[in-house]
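Derivation of every value follows stated rules applied to the coordinates shown; laboratory data play no part. Keep in mind that what you see is a predicted model, and the values were worked out from it rather than measured. Positions of Cβ are backbone-derived with ideal geometry, glycine not excepted, and every protein chain shown enters the neighbour counts.
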């Protein structure tokens, strides 16, 4: 049971100060007392509940109940979050922050949030450096952990690239625009200039 308590403690570390409804006693009794409710505030379908992660966590930690509230749109959620941070009340134990807002939260609200970089169970090397730094202050306090990095994929026609004299190996193709959207646009212009007549906008159908 003590293992479960330590695990629960790590999750509760993602909390604004002062904590909301979490019942952790600060370790005076050696763990979590009675039933512990962790509240989570998100916007839209955040994916954690939908993926069954809360249920999985509660199965491993029988003394913990996770309750999520969701506001459909971030433009309604975020002003409310700022109000709660400003007043120091009404916050969930764990609050989601849209990536476009994390810079403001990090710059202006860090004093109201826990330093997750010092939280047991959080490993900096589990995150890409740029993702970690998004929610880290100049003084080194990390107030948020990135949920995802939004990777993207590109599909291309090998035969048409070959006709245009462009590389066809996926690694080489990726280097055409690596790290820069302007390179991506330039690769499109290069393909259009080199592609055989009538091929620059071809959408050949299967069969």
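Some points to look at:
- Equivalent-ellipsoid semi-axes of the stretch 55-188, from the Cα gyration tensor, Å, largest first: 39, 19, 17
- Counted by neighbouring Cβ atoms within 10 Å, the residues 83, 137 run from fewest to most as 83, 137.
- Ordered by the count of other Cβ atoms within 10 Å of each Cβ, fewest first, 115, 180 give 180, 115.
- Alpha-carbon radius of gyration plus Dmax, which is the widest Cα pair, for the stretch 152-207 in Å: 11.4, 36
- Residue order, fewest to most surrounding Cβ atoms within 10 angstrom, among 184, 191: 184, 191
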